[in-house]
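One structure is given below, represented as structure tokens, and several questions about it will come after.
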Amino acid sequence: MLTSKAITGANGEDAAIEYLRRNGFLICDRNWRNGRYEIDIIAQRHYVTHIIEVKTRSVSSYQTPEKSITPTKIKSMRRAAALYLAQHRIRTEVMFDLVAIDLFPDGTYDIRLIENII
């Protein structure tokens with residue numbers, strides 16, 4: 001059974017994919033895993049592979065989605081990307097992005113793409 005945090009995260013990823021598609025991204029993979037490493041979304045746009053982290057937070061949360069990208073998270077994203085790119089033999093330029101989602105009590109949300117976070 002999914003926790004409310006897991007449901008919020010899954011709903012955030014669904015919203016992120018819809019947003020990315022509307023903005024010209026081709027979704028290549030979602031929730032890719034290799035051991036303890038995971039990438040939320042892998043997408044392509046303009047011959048660039050985008051490794052995308054999705055963070056959904058309630059507006060009442062003490063931490064914004066952007067503040068959740070710590071040096072430890074960056075290291076994990078780099079390691080996961082290296083594994084994914086090698087496994088899929090991807091040789092394009094790579095960009096690390098964040099889709100930040102603020103969730104309001106009425107169920108609406110604000111979504112933004114922050115490119116090149118690393």
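Rule-based calculations on the coordinates, nothing more; no lab input. Nothing here was measured: the structure is a model prediction, and the numbers come from that model. With ideal geometry, Cβ positions are generated from the backbone for all residues, glycine too; neighbour counts draw on all protein chains shown.
Could you tell me the calculated FRET efficiency between LEU26 and TYR62, based on Cβ-Cβ distance and R0 = 35 angstrom, to the nearest 0.05?
Efficiency computed from Cβ-Cβ geometry: 0.50.
A further question on this structure: With label points built 7 Å along Cα→Cβ from the Cα atoms of TYR37 and ASN116, find their separation and express it in nm.
2.4 nm
Could you give the length gained by full extension between HIS88 and GLU18, i.e. 0.36 nm per residue of separation minus their alpha carbon distance, to one decimal place?
22.8 nm
To continue, here is another question. Could you give the length gained by full extension between ARG45 and SER4, i.e. 0.36 nm per residue of separation minus their alpha carbon distance, to one decimal place?
Net length gain for the segment: 11.6 nm.
Need one number: the % of Cα-Cα pairs in the chain sitting beyond the 20 Å mark.
Cα-Cα pairs of the chain separated by over 20 Å account for 40 percent.
Going by alpha carbons, how many degrees (0 to 90, nearest 10) lie between the helix axis of 71-87 and the longest principal axis of the chain?
It is inclined by approximately 40 degrees.
In nm, to one decimal, how far is the modelled label at ASP106 from the one at THR72, with both set 7 Å along Cα→Cβ?
Simple spin-label model gives 3.7 nm for this pair.
Moving on. Compute the long axis of helix 4-22 from its Cα atoms, compare it with the longest principal axis of the Cα atoms of the chain, and write down the angle in degrees, 0 to 90, nearest 10.
60 degrees
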